[in-house]
Amino acid sequence: MSKRALITGITGQDGSYLAEFLLGRDYEVTGMVRRSSAENFERISHLVDSLELRQADLLDQLSIVNLLREVRPQEVYNLAAQSFIPTSFEQPLLTGEFTALGVTRVLEAIRLVDPEIRFYQASSSEMFGKVQETPQRETTPFYPRSPYGVAKVYGHWITINYREAYGLFACSGILFNHESPRRGREFVTRKIAEGAARVSLGLDEALYLGNLDAKRDWGFAPEYVDAMWRMLQQDEPDDYVIGTGEHHSAREFCELAFAHVGLDYQNCVRVDPRFMRPSEVDSLMADPSKAERKLGWRSQTSFGELVRLMVDAELSLLRDRKERGSG
Ligand code: NDP
Ligand code: GDR
């Protein structure tokens, strides 16, 4: 019999790749979506016939309890969150409600409906913030630098607490940045990829960015959802750092992206103070050796390949749009 999985945040980048991954493994997949005046299924439009989508909201406890009662999943992947760091400075309370307390609401629902459910929490390298050691591993102390990072620390510890207090099979994946052509347009990799494509096609003159010296450990998102699934297939619940083990600056991303379309980024990129953050995370780099040892997981796509595939995806999107006469 096939397993049932519930994904919160299925309309997001990771939710769409995880749904594809689980459907490929014969799971019945239900996605939790929040009510909106206009459908927002762009990333899962190719999957909607194979999925069940149900409305519930991380802000509404009873809606999550009822959803679990109706779906009775064996695995729950909690990917829903307010995930954009600049917004967390502007809306710190709402970010806390979604990204921190939302985790407890899902855990409480599991405890009430079926404590056998296996639970995955989308934790983040942003918890390391002002890093206390390099590279960062599971035992590195946290020092978050944004309301988002603080909220994720809460989500991480409440996951561990429910594991220890109630014996839930609850895992926390501390994922470093992972990107793809499905990344939200406001995140720096997608913004650079789109900017390089637009400048090369003469649609824009320049790209405006913030701190080019920030360094991140950037991997390819479809590979990271495999790691989430592997965590829930282990004999014991645990926490894992997932990343490439390398880091690169936003400047290097620009350099490679613009070079890929035959341009020098120095002539095309301008720094705009509007995109600077009140407190920044300067540099992150994973030590993913535990995941490699215990889950048999390692990243496959190099930094250069990631940059090129993202720029190529933007170029073909813009060309398609031009052919359809819409922009
Ligand atoms: P996205 O921002 O692309 O997706 C977030 C998802 O959460 C969307 O489906 C969104 O729905 C949903 N959501 C937000 N608020 C609510 C709510 N109140 N009720 C129900 N659903 C809600 O994020 P990613 O796919 O990139 O990331 C997935 C998770 O992993 C997030 O928790 C993120 O913080 C975390 N993470 C991401 C990393 C990355 O590099 N991508 C790294 C480490 C952690 P809607 O479409 O309606 O807005
Ligand atoms: P991040 O991703 O904050 O790491 O969070 P983002 O792509 O937003 O920023 C990465 C770094 O690039 C710098 N930067 C810019 N960022 C944006 N968005 N726009 C710009 O114009 C720009 N210029 C420079 C930023 O200052 C930053 O240092 C992502 C999210 O997916 C989180 O949800 C997740 O938890 C972490 O990755 C791991």
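State which residue is surrounded by the fewest Cβ atoms within 10 Å (Cβ to Cβ) when the search covers only region 31-47 and only residues that are of a type outside the set (V, I, T) and outside any loop (DSSP other than H, G, I, E, B).
E42
Within the group R54, R25, which residue is farther than 30 Å from R145 by Cβ, assigned to a strand (DSSP E or B) and either near ligand 1 (Cβ under 8 Å from one of its atoms) or not β-branched (V, I, T) (or both)?
Checking each option against the conditions leaves just R54.
Taking the condition of being free of Cβ contacts under 8 Å to residues at least 40 places away in the same chain and under 28 Å from V76 (Cβ atoms), how many residues in region 117-140 meet it?
2
May I ask you to verify whether A227 is aliphatic (A, V, I, L, M), assigned by TED's automatic domain parsing to the domain that holds S88, at pLDDT 95 or above and over 22 Å from P141 (Cα atoms)?
Against the criterion (aliphatic (A, V, I, L, M), assigned by TED's automatic domain parsing to the domain that holds S88, at pLDDT 95 or above and over 22 Å from P141 (Cα atoms)), A227 qualifies.
Name the residue that is nearest to R69 (Cα to Cα), counting only residues in region 1-45 that are of a type in the set (K, R) and in contact with a Lys or Arg (Cβ under 7 Å, 6 or more places away or on another chain). Show your work before the answer.
To start, the set of residues in region 1-45 that are of a type in the set (K, R) comprises 3-4, 25, 34-35, 43.
The next check asks that each one be in contact with a Lys or Arg (Cβ under 7 Å, 6 or more places away or on another chain); those that pass are 4, 43.
On the way: R4: 13, R43: 27 Å.
Taking the candidates together, the pick is R4.
Which residues, counting only those in region 56-73, are of a type outside the set (A, V, I, L, M) and touching a strand residue (DSSP E or B) at 6+ places or on another chain (Cβ under 6 Å)?
P73
To keep it simple, each residue is scored yes or no on (1) within 30 Å of L209 (Cβ to Cβ); (2) away from ligand 1 (no atom under 11 Å from the Cβ).
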{"position": "L67", "(1), (2)": "no, no"}
{"position": "E70", "(1), (2)": "no, yes"}
{"position": "Q74", "(1), (2)": "no, yes"}
{"position": "L79", "(1), (2)": "yes, no"}
{"position": "F89", "(1), (2)": "yes, yes"}
{"position": "V113", "(1), (2)": "no, yes"}
{"position": "I117", "(1), (2)": "no, yes"}
{"position": "A122", "(1), (2)": "yes, no"}
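May I ask you to list the residues in region 206-229 that are more than 11 Å from ligand 1 (Cβ to nearest atom) and among the acidic types (D, E)?
D213, E223, D226
Check P92, P115 and return the single one that is more than 15 Å from the chain's Cα centre (by Cα) and within 16 Å of ligand 2 (Cβ to nearest atom).
That would be P92, the only listed residue that is more than 15 Å from the chain's Cα centre (by Cα) and within 16 Å of ligand 2 (Cβ to nearest atom).
When residues of region 226-249 are filtered for being surrounded by 19 or more Cβ atoms within 10 Å (Cβ to Cβ) and assigned to a strand (DSSP E or B), how many remain?
Total meeting the criteria: 5.
Specify which of the listed residues (V269, V311, V241, V281) is under 28 Å from L22 (Cβ atoms) and β-branched (V, I, T).
Of the residues listed, the single one that is under 28 Å from L22 (Cβ atoms) and β-branched (V, I, T) is V241.
With E179, E186, E194, E223 as the choices, which residue is near ligand 2 (Cβ under 10 Å from one of its atoms), buried (at least 18 other Cβ atoms within 10 Å of the Cβ) and charged (D, E, K, R)?
E179
If you scan region 274-313, which residues turn out to be surrounded by 19 or more Cβ atoms within 10 Å (Cβ to Cβ), touching a Gly at 6+ places or on another chain (Cβ under 6 Å) and part of a helix (DSSP H, G or I)?
Selection gives nothing.
I'd like to check something: does region 75-87 contain any residue that is in contact (Cβ under 8 Å) with a residue 40 or more places away in the chain, away from ligand 2 (no atom under 16 Å from the Cβ), out of contact with any Cys (no Cβ under 8 Å at 6 or more places or on another chain) and not charged (D, E, K, R)?
yes
Out of all the residues in region 118-162, which are buried (at least 21 other Cβ atoms within 10 Å of the Cβ), more than 16 Å from ligand 2 (Cβ to nearest atom) and farther than 26 Å from L93 by Cα?
Correct list: R118 only.
From the set of residues in region 1-18 that are more than 12 Å from R54 (Cβ to Cβ) and among the hydroxyl-bearing types (S, T, Y), which is farthest from ligand 2 (Cβ to nearest atom)?
Among residues in region 1-18 that are more than 12 Å from R54 (Cβ to Cβ) and among the hydroxyl-bearing types (S, T, Y), the one farthest from ligand 2 (Cβ to nearest atom) is S2.
Would you mind listing the helices (runs of 4 or more DSSP H) fully within region 98-205 where at least 3 residues are touching a Pro at 6+ places or on another chain (Cβ under 8 Å)?
The helices (runs of 4 or more DSSP H) meeting that bar are 147-166.
The values are calculated or read from the model by the stated rules, or taken from the named source; none is laboratory data. Computed from a predicted model, the values in this text were never measured in an experiment. Note that each Cβ is placed from the backbone with ideal geometry, even for glycine, and that neighbours are counted across all protein chains shown.
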